[in-house]
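I have placed the structure first, in the form of structure tokens, so that the comments after it can refer back to it.
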Amino acid sequence: MAAKTYTGKALTPAPKVVVGGVTLVKGTDYTVSYKNNTNAGTATAVITGKGSYTGTVNKTFKINKAKNTLTVKSKTATVKYSKVKKAKQTIALKKVLAVSKAKGTVTYTKSSGNSKITVNKKTGKVTVKKGLKKGTYSVKVKVKAAGTANYNALTKTVT
């Protein structure tokens, strides 16, 4: 049986059952039940003979993890120079990035930008250190959704 991809619903692929060169008819010649057929992993179709056909056959099929649905959009944030002269300034995640639909734990990594600008790995908060000169700066941030048992990991980079 061909592999399927996780959908959140029970997957019930129809097996082709052939005995002695004869293709059997579902409902007339056999019934099918399924085990472990919702989550990613190995699922089983249990084919049980009916009428003239007896016995049970188990056929497995793989359920692959789905693509992560993570979306990330960058935003422009402004910090007043007069405040940065006096102390570091921290900008909340929602003011610099719009992160949604992530499957699994999200982490943030600064991949480039001024050394006086940092990104908190767990919260995504951006900190502008005291003394950064007046100007416009860009920071590249890698946003990673770790994935789950049913979704693959995904990393997106935004500026």
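The values are calculated or read from the model by the stated rules, or taken from the named source; none is laboratory data. Everything numeric in this text was worked out from a predicted model, so none of it was measured. Glycine gets a Cβ as well: all are built from the backbone with ideal geometry, and neighbour counts include every protein chain shown. These area figures cover heavy atoms from the full protein model, side chains too; ligands, DNA and RNA do not enter into them. Shrake-Rupley method; radii C 1.70, N 1.55, O 1.52, S 1.80 Å.
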Work out from phi, with θ = phi - 60° and the Karplus expression 6.51 cos²θ - 1.76 cosθ + 1.60, the ³J(HN,Hα) of each residue of the stretch 89-104, listed in order in whole Hz, and give x for Gly and Pro. 10, 10, 10, 5, 3, 4, 8, 10, 9, 10, 10, 8, 6, 6, 10, x
Comparing Gly20, Gly124, Gly49, which has the greatest mean-square fluctuation in the GNM of the chain with Cα pairs linked when under 10 Å apart? Gly20
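Could you provide, to the nearest whole Å², the per residue accessible area of the chain with probe 1.4 Å? The partial results should precede the final answer.
Working: 10270 Å² over 159 residues.
Computed with neighbouring chains in place, this is 65 Å² per residue.
Helix-only estimate, please: 222 nm mean residue ellipticity of the chain, summing -39500 (n - 2.57) across DSSP H runs of length 4 or more and dividing by its residues, to the nearest 500.
Helix-only estimate at 222 nm: -1000 deg cm²/dmol.
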Residue by residue through the stretch 25-34, what is 3J(HN,Hα) from phi via Karplus (6.51 cos²θ - 1.76 cosθ + 1.60, θ = phi - 60°)? Round to whole Hz and write x for glycine and proline. 9, 5, x, 9, 9, 7, 10, 10, 10, 10
Less than 28 Å apart at the alpha-carbon level, and either on another chain or at least 8 residues along: which lysines does that give for Lys16? Lys4, Lys26, Lys35, Lys50, Lys59, Lys62, Lys65
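Taking the stretch 67-159, which trypsin sites (Lys or Arg not before Pro) meet the DSSP loop condition and have no more than 13 other C-beta atoms within 10 Å?
Numbers: sites: Lys67, Lys73, Lys75, Lys80, Lys83, Lys85, Lys86, Lys88, Lys94, Lys95, Lys101, Lys103, Lys110, Lys116, Lys121, Lys122, Lys125, Lys129, Lys130, Lys133, Lys134, Lys140, Lys142, Lys144, Lys156; in loops: Lys67, Lys75, Lys80, Lys88, Lys101, Lys103, Lys116, Lys121, Lys122, Lys125, Lys129, Lys130, Lys133, Lys134.
Answer by residue number: Lys67, Lys75, Lys80, Lys101, Lys121, Lys122, Lys130, Lys133, Lys134.
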Considering the zone a paramagnetic label at Tyr137 would reach in this model (a point 7 Å from Cα along the Cα-to-Cβ line), which residues of the stretch 64-88 have amide N under 19 Å from it? 74-88
Ile91's amide H: which non-local residues (gap 5+, or another chain) put their own amide H closer than 5 Å, with H modeled 1.01 Å from N in plane and none for Pro or chain starts? Val126, Thr127, Val128
Taking K and R as +1 and D and E as -1, what net charge do the other residues with C-beta under 10 Å from the C-beta of Ala43 add up to? +4
Report ³J(HN,Hα) in whole Hz for each residue of the stretch 59-75, in order, from the Karplus equation J = 6.51 cos²θ - 1.76 cosθ + 1.60 where θ = phi - 60°; Gly and Pro get x. 10, 9, 9, 8, 10, 7, 5, 7, 5, 5, 9, 3, 10, 9, 10, 8, 10
Which one, Leu70, Leu24, Leu93, has the greatest fluctuation when you compute a Gaussian network model over the chain with C-alpha springs under 10 angstrom? Leu24
Under a 5 Å amide H to amide H cut-off, with H placed in plane at 1.01 Å, what residues pair with Leu70 once short-range neighbours are removed? Lys103
What FRET efficiency do you get for Thr54 and Lys9 if R0 is 35 Å and r is their Cβ-Cβ distance, rounded to the nearest 0.05? 0.65
When the Debye formula is applied to the Cα atoms of the stretch 28-111, each taken as the same point scatterer, what base-10 log of I(q)/I(0) results at q = 0.24, 0.27 Å⁻¹? -1.13, -1.23
Only Cα pairs within less than 10 Å get springs; with that Gaussian network setup on the chain, which residue of Val119, Val96, Val84 has the largest fluctuation? Val84
Counting only residues 5 or more places away or on other chains, whose amide H sits under 5 Å from the amide H of Val17 once H atoms are built in the peptide plane? Leu24
